Amino acid sequence: VSAGPPALAQWLLERVLPPGAFRAALLGDLEEEFVTRKRGRNAWYWRQVLGLLPRILWARWRAREHPSSVLRSDVPKFNESIADMIETDTRYAFRLFARRRTFAAVALITIALGIGSATAIFSVVDGVLLRGLPYPSPEELVSAHRTFPHWRTDPALQRNWDRIGLSYPDYLDWRAQQRMFRDVAAWNWTSRTSVDAQGAEIMDVLLATSSLLPTLGVAPQVGRNFLPEEEGFGKPHVALIGDRLWRERFGGTSKALGKTLTLDEQIFTIVGVLPADFRITGLRITPDVWVPAGSGSLDTSRVNLNYTTIARLRSGVTLTQAEQETNRIFQFDRPAGESGGRLVNWQSDVTRGVRRPFLLLLYASALLLLITCVNVAALLLGEGAARDGELAARSALGAGRRRILRQLLTEQLVLSALGAMLGLGLAFWATRTLIGLAPPFTPRIEEVGVNLRSFAFALSAATITAIVFGMAPALTLARTDAGTLMRMGSNRLSRRRGSLRRAAIAVQLGLAVVLLVGAALLVRSLNRLSGVSPGFSPEQLLYVQPQLDWDRFPEAAQYRAYYDRAVASLRALPGVSAASAISSAPFTDGGSGTTIKLERGGIEQEVNAQWRVVYPDFQSTLSIPLSSGRSVTEADGATSQRIVLVNDAMAEQYWPGRSALGQRLQIDQQWHTVVGVTGNVKHFGLDQSAVPTFYLPAAQTRRRGLVIVLRTEGSADAVAGAARARLREIDPAVAVRSVELAAQLVNRTLADERFRTIITTFFALVAALLTAAGLYGITADSVTQRLREMAIRIALGASPKRVLRLTVQGTVVLGLSGALLGALVALAATRVLRPFLFGITPLDPTTYVLVFAGTVVATIGAAWLPARRAARAEPAQLLKSE
Amino acid sequence: MRHGTFEFAVLLVIRQLGEDGYAVTIREALERQTAEPVARGALYTTLARLEDKGLVRSRMGEPLPVRGGKARRFYALTAAGESALQSARARSVLEWRGLDGPLGERP
């Protein structure tokens, strides 16, 4: 027999009525009438409730403006009560933190570290990888690459087989034939010398198609874009200039339009100014001057595949459809199957090199965030012991379990909110540091900043972690009602919580071990990599690159004459012990490959190889060892016998087990005889394997693009300045493109590795520190709790040493189990590191042993410090104080 | 029934019931006098509105087991309620007189 009205109906009514007297009276009236009824009273009650609901809702809605309505009078009170409660809880939380300052400070710093580092990494990852490119509808932009499938099998060429550019005539064909894109565009950058009163200056110049700005969806801020008819060779010389040049040289007014610029002795008329802050994403330079594509001296040939291309997909066209068309068109004049096309989303293409390493850092920071959360949870559990009494008192005074839970969660949220604020401040600083540390030419790094998205990330991270990791401690604490406390005694209760806390610390230790193993692997890998010899000696080696204009040095002989003079003159500088010149000096550029013929077993065979043009003494200046034969000398002139040097890799590949000396190579339709074999020199990076390379005497070729190499004694910097000055003396119209230290260039190739290693190591160390502090804390607390027991043991004759061991033991067992757990997880987790490791496997036993041993030592240390207190316990004094 | 008229009827019944009127008895009396069923929602919202306007005041009685431990809310007229009732009566008299009343005046 149901005595009361239907509970659900009653509950419904309670929801729509403001709590208070009015509601109570209404419910009472209904019940009073309900009990007098006999039949169908439940249905009657339901009818009443359903009839009441809309009217009450309507009336309450109408009364919403009425500040003191009966239907609302309880509403503000209701809202106020929650606001009050939040305020009370918050104030209470602050009072608590003020009272327990050490706890609050440690917790805040921990949260700030976790949130700050995660937010900083997120900001970088977001700016570089996640956010759309800064153009309208960036998802439509794709980059197009030419592919040469037959390059795949060739060690000298395979690096680039699917990332080949287009020649300008190729681009014109593509633009005319394509149907899948709204527009296609191409660019190529070069440098030109601009001579004015101050002397010669080298300017980065972009050769851009007139379609480039419209394809990107960008318009000049002043003036106009190129016209299609201005593209091509021998057309009127027009130029767009960058914002910086416009302001610095042309006063930043529209009067700049129509003014002229001289580049390589050609006069260009300025027709427009590019927008401020505009740059082509992923382009390593920000050219000050744009000139129409096709105007370069090499642009009429199909051989110079120098143009980078992008395109904007028509709406509704998929990447696959467009790629089919591109693949067909990109055959151009080549035989079928030799040349194809490939499309990649531009954003992914630009950021392809940093995607994996940045995601790795994101994982590492997530791991650190997790560790800090567990750390705070453990801290809160540790706090529990101090709060049992307080919470029991509150519950005895009538606070319900939910009320206490809410109080504890509010404390969590306050802690997290403060931590997030601190963390955000930290993130501002850390993001700037990360940008500074980032490897040179990290794409889009200029777009990185702490912004609203970072803020949202920090806030949600803080809230989620507060709730998830505050829940467990809060639940165990809220369980403390006065009765339990009395029945169990605070010791048993805190012991239960203690085991949860120990588990938290073990988990934290395990996670820290995962990070430590990862960081140690990266450090060891970087160590190995930097120990690799590049095959030459980059220390105290200077690369000096003058820029010779084609127009002033049209003949190869003029070009060489300049270099002859320059090399001889620089060799005579004080502090220079040797000087020579080489095309594509190691670690300077993409190298240069070519196809040659060689004789093997009486058969002529076409092979691909890297090639360099060298001056005499190149090999002694660079300190490249000579394996056999001789080097290039002054005697190898334009008219003497054609000779060539090959490297060990080439000799081993084509003449294994035989001497390469005396073998013949057909280069540029002329046969050359191998007279020497040199050691292998790395070109692209220390982790790359040697590529077959041959060296030709400069006197016997027409090749340009030589770099002067100087071996210095003493300070290379002093020589650098003197070298610039000397070159200016030789020919003031020749600008010096760059003077660089080879060692710095080699070092720069390690920038990626160094960046991720530094950050991961930093995270790992922070994790280790937090974990050590956690271990210290747990031992210290257990010492405090068991001080009496220890005193009794000592009083009964236990040696302090034994007491010490007893106290340390628990923590060490905890540490060991955590470390073991972590090592097991690391075995699986560090697999993601495989692509980042050089000369070491993710399962490297030494690393594991080192980290494990380090963890054990740290654990013992963290346990031993507080345990000493137990061993020094004065029995009499302690027992008296109880 | 016009809104103002219903309010007037409720005020009248509260006055008749003296200090003992609460929603259940008020509703019974209303139904008796108007010989029409009174919607529960209309009564409660009207009571609330009258109270908001300061025409009636309420006090809570003792909690009663028969009401699930809840108290009755007794209603009584305030001074403002009394004068409102009187002016409503006067207006109603004018309405009865029809055209005798000043033009344009509305209750």
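Using the per-residue mean of other Cβ atoms lying within 10 Å as a proxy for protection, in what order, highest first, do the peptides A:715-722, A:332-339 fall? Walk me through the numbers on the way to the answer.
Working: A:715-722: 16.4, A:332-339: 12.1.
Packing order, densest peptide first, comes out as A:715-722, A:332-339.
Calculate the spin-label point distance for A:Ala725 paired with A:Gln785, positioning each point 7 Å from the Cα along the beta-carbon direction, and give it in nanometres.
7.6
With a cut-off of 8 Å between alpha carbons and a minimum separation of six or more residues, what is the relative contact order of segment A:611-679 in percent?
Result for segment A:611-679 is 39 percent.
Could you point to the residue in A:Gly425, A:Leu207, A:Val507 farthest towards the positive end of the protein assembly as shown's charge dipole, with +1 and -1 charges on the Cβ of Lys/Arg and Asp/Glu respectively?
Going by the Cα projections, it comes out as A:Val507.
Report the net charge of residues surrounding A:Phe838, where surrounding means a beta-carbon distance below 9 angstrom and charges are Lys +1, Arg +1, Asp -1, Glu -1.
Details: positive: A:Arg528; negative: A:Asp687, A:Glu753.
Net of charged neighbours comes to -1.
Using only DSSP helix segments of four residues or longer, with each worth -39500 (n - 2.57), what per-residue ellipticity at 222 nm results for chain A after dividing by its residue count and rounding to 500? Let's see the in-between values first.
On the way: 23 runs with 459 residues, N = 882.
That calculation yields -18000 deg cm²/dmol at 222 nm.
Give me the angle, in degrees from 0 to 90, between the Cα long axis of helix A:168-177 and the longest principal axis of the Cα atoms of chain A, rounded to the nearest 10.
The angle comes out at about 60 degrees.
Enumerate lysine pairs in the protein assembly as shown that are 8 or more residues apart or on different chains, then count those whose Cα atoms are under 30 Å apart.
The result is 8.
Going by a ≥ b ≥ c, the root eigenvalues of the Cα gyration tensor, does segment A:226-285 fall in the rounded group (a/c under 1.5), the prolate group (a/b larger than b/c) or the oblate group?
On the way: a/c = 1.72, a/b = 1.18, b/c = 1.46.
Cα axes put segment A:226-285 in the oblate bin.
Averaged across A:15-26, how many Cβ atoms of other chains sit within 10 Å of each residue's Cβ atom? List each step's numbers first, then the result.
Values: counts 0, 0, 1, 0, 0, 0, 6, 7, 1, 9, 15, 7.
Average neighbour count from other chains, rounded to a whole number: 4.
With θ set to phi - 60° and the Karplus curve 6.51 cos²θ - 1.76 cosθ + 1.60, what are the ³J(HN,Hα) couplings of segment A:838-848 in order, to the nearest whole Hz, using x for Gly and Pro?
Once θ is set to phi - 60°, the couplings for segment A:838-848 become 10, x, 7, 9, x, 9, 3, x, 4, 4, 4 Hz.
Relative contact order of chain A: what whole-number percent is it, with Cα pairs under 8 angstrom and at least 6 residues apart?
Taking the mean separation of contacting Cα pairs over the length of chain A, I get 14 percent.
Just to confirm the number: angle between the C-alpha axis of helix A:352-396 and the first principal axis of chain A, 0 to 90 degrees, nearest 10?
20
Let me know the charge dipole size of segment A:161-285 about its Cα centre in debye, to the nearest 20, where only the beta-carbon of Lys, Arg (+1) and Asp, Glu (-1) is charged.
Rounded to the nearest 20 debye, it is 360 debye.
Rank the residues A:Ile603, A:Ile267 as a footprinting-exposure proxy: fewest other Cβ atoms within 10 Å of their Cβ go first. Working shown, then result.
Values: A:Ile603 7, A:Ile267 10.
Listed from fewest to most nearby Cβ atoms, that is A:Ile603, A:Ile267.
When the Karplus curve 6.51 cos²θ - 1.76 cosθ + 1.60 is applied with θ = phi - 60°, which whole-Hz ³J(HN,Hα) does each residue of segment A:3-19 get, with x for Gly and Pro?
Taking θ as phi minus 60°, the curve returns 7, x, x, x, 5, 5, 4, 4, 4, 4, 4, 4, 5, 8, 9, x, x Hz for segment A:3-19.
Across segment A:669-686, in residue order, what do the Karplus-derived ³J(HN,Hα) couplings come to in whole Hz, using 6.51 cos²θ - 1.76 cosθ + 1.60 with θ = phi - 60° and x for Gly and Pro?
Coupling constants for segment A:669-686: 6, 10, 7, 10, 9, 6, 10, x, 10, 10, x, 6, 10, 6, 10, 8, x, 5 Hz.
Distance from a point 7 Å along Cα→Cβ of A:Leu437 to each backbone N in segment A:518-544: keep the residues under 15 Å and list them by number.
Those under the cut-off are A:519-520, A:522-523.
What residues have an amide H closer than 5 Å to that of A:Val707, excluding those fewer than 5 places away on the same chain, when H is modeled at 1.01 Å from N in the peptide plane?
A:Ile582, A:Ser583, A:Ser584, A:Ala585
Order of A:Tyr776, A:Tyr171 from fewest to most other C-beta atoms within 10 Å?
Fewest-to-most Cβ neighbours within 10 Å comes out as A:Tyr776, A:Tyr171.
Going by alpha carbons, how many degrees (0 to 90, nearest 10) lie between the helix axis of A:401-437 and the longest principal axis of chain A?
Once rounded, the angle reads 10 degrees.
Would you mind putting A:184-193, A:278-287, A:578-587, A:553-562 in packing order, based on average other-beta-carbon counts within 10 Å, highest first? Could the numbers behind the result be given before it?
Details: A:184-193: 21.6, A:278-287: 17.1, A:578-587: 23.8, A:553-562: 14.8.
Packing order, densest peptide first, comes out as A:578-587, A:184-193, A:278-287, A:553-562.
If you take every residue apart from A:Pro236 with its C-beta less than 14 Å away from the C-beta of A:Pro236, what net charge results, scoring Lys and Arg +1 and Asp and Glu -1?
Once positives and negatives cancel, what remains is -1.
Take peptide B:47-58, look around each residue's Cβ out to 10 angstrom, count Cβ atoms belonging to other protein chains, and average those counts. It would help to have the intermediate numbers written out before the result.
Numbers: counts 4, 12, 7, 1, 6, 9, 2, 1, 0, 0, 0, 4.
For this peptide, the per-residue mean of nearby foreign Cβ atoms is 4.
Based on the Kirkwood radius over alpha-carbon pairs, what is the Stokes-Einstein translational diffusion coefficient of the protein assembly as shown at 4 °C with 1.567 mPa s viscosity, in µm²/s?
Roughly 35 µm²/s, to the nearest whole number.
Can you tell me, using C-alpha contacts under 8 Å and at least 6 residues apart, the relative contact order of segment A:221-346 as a whole percent?
On the way: 159 pairs, mean separation 31.2, N = 126.
Here the relative contact order equals 25 percent.
For a Förster distance of 41 Å, can you work out the FRET efficiency between the beta-carbons of B:Leu64 and A:Phe94, rounded to the nearest 0.05? Kindly include the intermediate steps, with their values, before the conclusion.
Working: r = 45 Å, r/R0 = 1.10.
After rounding, the FRET efficiency stands at 0.35.
Mind ordering A:531-538, A:14-21, A:205-212 by average Cβ neighbours within 10 Å, highest first?
Result, highest mean Cβ count within 10 Å first: A:205-212, A:531-538, A:14-21.
Report the net charge of residues surrounding A:Glu33, where surrounding means a beta-carbon distance below 11 angstrom and charges are Lys +1, Arg +1, Asp -1, Glu -1. Display every interim value, and only then the final one.
Numbers: positive: A:Arg37, A:Arg41, B:Arg27, B:Arg40, B:Arg67; negative: A:Asp29, A:Glu31, A:Glu32, B:Glu28.
Residues near A:Glu33 contribute +1 overall.
Please report, in whole Å³, the volume per residue of the convex hull around the C-alpha atoms of segment A:713-867.
On the way: hull volume 29.7 nm³, N = 155.
Each residue corresponds to 192 Å³ of Cα convex hull volume.
Quick query: amide H of A:Gly294 versus all other amide H atoms, modeled in the peptide plane; which residues come in under 5 Å with a sequence gap of 5 or more or a different chain?
Close amide H contacts, sequence-distant or interchain: A:Gly232.
Grab the beta carbon distance between A:Glu265 and A:Arg131, set R0 = 41 Å, and tell me the FRET efficiency rounded to 0.05.
Efficiency computed from Cβ-Cβ geometry: 0.45.
Is there a simple number for the mean count of other chain Cβ atoms within 10 Å of the Cβ of residues in B:28-41, and what is it?
2
Whose amide H sits under 5 Å from the amide H of A:Ser577, counting only residues 5 or more places off or on another chain, with H placed in the peptide plane?
Placed amide hydrogens put A:Arg711, A:Thr712, A:Glu713 under 5 Å from A:Ser577.
Bear in mind that the values in this text are calculations on the coordinates, not laboratory data. Predicted model only: the values in this text are computed from it and were never measured. Cβ: placed from backbone, ideal geometry, glycine included. Neighbour counts: every protein chain shown.
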